[in-house]
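Down below is the structure, laid out as structure tokens.
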2 protein chains.
Amino acid sequence: MGFLWLAILLLLAKVSSLIEKVGQPAVLGELLMGVVLGNLILFGIDWFEPVKEDDIIKFLAELGVVILLFQIGLESKIEEMREVGWRAFMVATVGVVAPFVLGTIVVGPLLMPGQPFYAYLFLGAALTATSVGITGRVFRDLGKLQTREAQIVLGAAVIDDVMGLIILAVVTAIVTSAVSMDATESVSMGAIGLITLKAVVFLIGAIFLGRLLAPRIGEGFSKIHTGVGTKFTIAISFCLIFAYLAGLVGLHPIVGAFAAGLMLEHVYFRRFEKPEINEDIEQAVKNANPETQQQVKTVLDRHNAHHLDELVAPLGHFLVPLFFIMIGMQVNLRILFDPKVLLIALAITAVAFIGKIVAGIVAGPVNKYIVGWGMVPRGEVGLIFAAVGLELGKKLGVVVISDEMFSVIIIMVILTTLVTPPILNYLLRKQPA
Amino acid sequence: MGFLWLAILLLLAKVSSLIEKVGQPAVLGELLMGVVLGNLILFGIDWFEPVKEDDIIKFLAELGVVILLFQIGLESKIEEMREVGWRAFMVATVGVVAPFVLGTIVVGPLLMPGQPFYAYLFLGAALTATSVGITGRVFRDLGKLQTREAQIVLGAAVIDDVMGLIILAVVTAIVTSAVSMDATESVSMGAIGLITLKAVVFLIGAIFLGRLLAPRIGEGFSKIHTGVGTKFTIAISFCLIFAYLAGLVGLHPIVGAFAAGLMLEHVYFRRFEKPEINEDIEQAVKNANPETQQQVKTVLDRHNAHHLDELVAPLGHFLVPLFFIMIGMQVNLRILFDPKVLLIALAITAVAFIGKIVAGIVAGPVNKYIVGWGMVPRGEVGLIFAAVGLELGKKLGVVVISDEMFSVIIIMVILTTLVTPPILNYLLRKQPA
């Protein structure tokens, strides 16, 4: 393993960007490349099997999605997020409640009868997930991160993550108390309250603390060193620390990384060196006419304002494709071979689509389809929900998520994840800029 | 572990660059920070102990030194290396033979009598190592990579690595046949010949193949995608593949990474997008006078030629400090407490210095001290030699490297590694630019 594997995965990811030639976002190519590599075993080729279990590549992939959300945060503006805050909250709420209710009460009992009620609760919970990485990447690939739709989806996905966390806690508590009868309802409520509180305190605290600390940290380190390396290191450390803190309170680390990106602004780094080229160009135009100098200055200022994005970009080029390839590799095509499971899965996938697309209705005066579809991909968050249910069942000695239901959830995750990029791509390209 | 640890190590590395305020290279600060962190346990603080054994941080550190040598290779020119090729070969030869002879025949038997001859052989072998990472970093920190002295040292260090590999193979073969009497001398000679051949074929083959392939790979991928991300990925993959190939033939991966950096030239990427700012600036000055336009064009061309270096730099900021901190953390200050071992170690360290500094004499019309001192640091290569000896002894069931001798080698590695940066720094700053 090691260096050669990294090189192979990175090169294959780049080959997969051939998909852009047919107008699809690069992320779809990487996901599909992952699906192909992860399923070569079906043809007796086991070369890529060790990659699935490699701890270092897993870590790099996880770091990749953290860096991606940090980049997306850097490119988003907190003011723009605040502007759409109420809409994002509405979209998140509908996008959580609709699939949860549909899954738990309607399609669960209807399509997979005879299971305990808490199994349906988990199915409903898994349907509420939203993977902001995939949608964010599509908006980013197409240069649409600054649109109102993108801001609503990104905001809603973060709020969604908090709600999902609470639902997961509630459902876990209900299942645990239903099975063991040890925990009283009131204790569960306390635990739920605590988790809710932690999540809300984290998000609000992070934003306030971050806005307070970031300028001081920039100021402080500028006394040690004003080099580009220091600027880069502070930014990345800020991202990593918030990712860690999010994980600490039970949120997905990407929520923390996104918050860190939102908080950092280039003005905090005004004491640091500008990109080297700025000085050289200023030197080169110093005898030009005032108009040219002004135009050049505008370009250089804009460039300097994006210096942080540029510094983080290579790290993204290195790590982000690994994440999407690894997500793709988790897709096991073998489970598609059971027609009964496949049919149920298709029906539940339809619910998964509908449950999120209706959320677009409350998005206000924007393209409601784009918002709705933007919330659809379950990605790794959906897989985490299913895994938690499986794990909980093992711990309690009961079946919370049956093998059949696990397969159904996996197919739902695959389809929502793979189908959304091309549809979102289509909707975004159709829309006038 | 994970995100938080990475952030802590990166921030501490940046704090350690305070050492630049007293005119020392940043790498020394990182090494010393590593020494401090790694020895906090002496004061009962065990926070950083898990870092020493963390596989992911170890991998990132190893990747760090690979990226560093790749960067150094990118900044060096193959023509300049060829110009100093003969001198580099001479310096490497003297720098290997002198410490080997001194260690094996003189100071080994004199200072640590009563050990088997092959123990002295290994001591001599450990003295031949050169760690190009540390010297390269000092030259780089001071912006002196383009000097003739730097080119000779870098070239010599690579040749030295090949010679060291051959010596290690020869010594291992001699020890093995001396102990087991199974292998005949002729078999060992065959094995030695094979290793020599592999190393030489790798280096020559890499240079020819690389020069042949790199332009075609650049051309090929430009048909898939001409984005900055693709350019970056090809360069990094090239580096990783050569690092892997070097490891495959038994060379240190950094030799491959350095060769890859030497081979890649920005002309191979002429079909790829230029940095975004180039276009913006060209647009901004299109109404300026011809003289200004020409000056701006010169700056932009130079900037474009270094685009690859700039793309790799953030990865270096992220990974390289981890390597030097990890090297520092391997320093166990406890072994300095035995006065007898310490005295022997100081004597052998003196030999380690002398053995390399005399190599500077054959460096031709340059500053011989800079070249000589540039070869001194043993760094991780010295540790690898000691570790191989220890391992071989365990395998054969004899003592090849005694605990005492291991401590002596470690102290020698520490001192050559820690003392060289400030001295080299002094010599380089004294020299007129």
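Only the coordinates and a few stated rules stand behind these numbers; no lab work does. These numbers come from a predicted model, not from an experiment. Every residue, glycine as well, gets a Cβ built from its backbone with ideal geometry; the counts of neighbours run over all protein chains shown.
The ranking of B:V97, A:V201, A:V101, A:V51 by Cβ neighbour count inside 10 Å, starting from the fewest, reads A:V201, A:V101, B:V97, A:V51. Placing a label point 7 Å from the Cα of A:P339 along the Cα-to-Cβ direction, the distances to the matching points in the other copies come to 8.9 nm, shortest first.
With respect to chain A, whose longest principal axis is taken over its alpha-carbon atoms, helix A:403-430 is tilted by about 40°. Translational diffusion of segment B:3-430 was estimated from the Stokes-Einstein equation, with Rh taken as the Kirkwood radius over Cα pairs; at 20 °C and 1.002 mPa s the coefficient is 94 µm²/s. Inter-copy label distances for A:W86: 8.2 nm (label point placed 7 Å from Cα along Cα→Cβ; shortest first).
On the beta carbon distance between A:E279 and B:E49, with R0 = 56 Å, the FRET formula returns roughly 0.80. Using Cβ point charges alone (K and R +1, D and E -1), the dipole size of chain A about the Cα centre works out to roughly 720 debye. Using the beta-carbon distance between B:K395 and B:R271 and R0 = 51 Å, what value does 1/(1 + (r/R0)^6) give for FRET efficiency, to the nearest 0.05? So the FRET efficiency works out to roughly 0.50. When B:V400, A:V84 are sorted by how many other C-beta atoms sit within 10 angstrom of their C-beta, beginning with the fewest, the order is A:V84, B:V400. Label-to-label distances for B:L40 across copies, nearest first, come out at 4.3 nm, using points 7 Å from Cα in the beta-carbon direction.
Based on Cα atoms of the protein assembly as shown, Rg over Rh with Rh as the Kirkwood radius reads 1.01.
Please give the helix A:55-75 orientation as an angle from the longest Cα principal axis of chain A, in degrees from 0 to 90, rounded to the nearest 10. Between helix and principal axis, roughly 60 degrees.
Only counting other Cβ atoms within 10 Å, I'd like B:Y118, A:Y120, A:Y426 sorted with the fewest neighbours first.
A:Y426, A:Y120, B:Y118
Mean sequence separation of contacting Cα pairs (under 8 Å, at least six apart), scaled by the length of chain A, corresponds to a relative contact order of 30 percent. Between helix B:132-141 and chain B there is an angle of about 40 degrees, using the helix long axis and the longest principal axis of the Cα atoms.
Pairs from the table (A:K286/B:K286; A:K274/A:K297; A:K144/A:K430; A:K21/A:K356; B:K52/B:K395; A:K14/B:K58) lying more than 18 angstrom apart at Cα are A:K21/A:K356; B:K52/B:K395; A:K14/B:K58.
Since only A:A173, A:I344, A:T128 are under comparison, the one whose Cα sits farthest along the positive direction of the charge dipole of chain A, derived from C-beta charges on Lys, Arg, Asp and Glu, is A:T128. Modelled spin-label separation between A:K21 and A:I354, with each label point placed 7 Å from Cα along the Cα-to-Cβ direction: 4.0 nm.
Inter-part distance, segment B:310-367 to segment A:90-123, computed on C-alpha centroids, equals 63 Å.
The distance linking segment A:16-36 with segment A:239-269 is 28 Å (Cα centroid to Cα centroid, whole angstrom).
Centre-to-centre, using Cα atoms only, segment B:126-174 and segment B:192-231 are separated by 22 Å. By the helix-only formula, in which each DSSP H run with n ≥ 4 contributes -39500 (n - 2.57) and the sum is divided by residues, chain B has a 222 nm mean residue ellipticity of -25000 deg cm²/dmol. Taking the charge dipole of the protein assembly as shown about its Cα centre, with +1 at Lys and Arg Cβ atoms and -1 at Asp and Glu Cβ atoms, the residue from B:P113, B:I72, A:A61 reaching farthest to the positive side is B:I72.
Dipole orientation for chain A: of the candidates A:C239, A:P377, A:N39, A:P377 has the Cα lying most toward the positive pole (charges on Cβ; Lys, Arg +1; Asp, Glu -1). Using the average count of surrounding beta-carbon atoms within 10 Å as a protection proxy, the listed peptides B:250-258, A:288-296, A:167-175 rank, highest first, as B:250-258, A:167-175, A:288-296.
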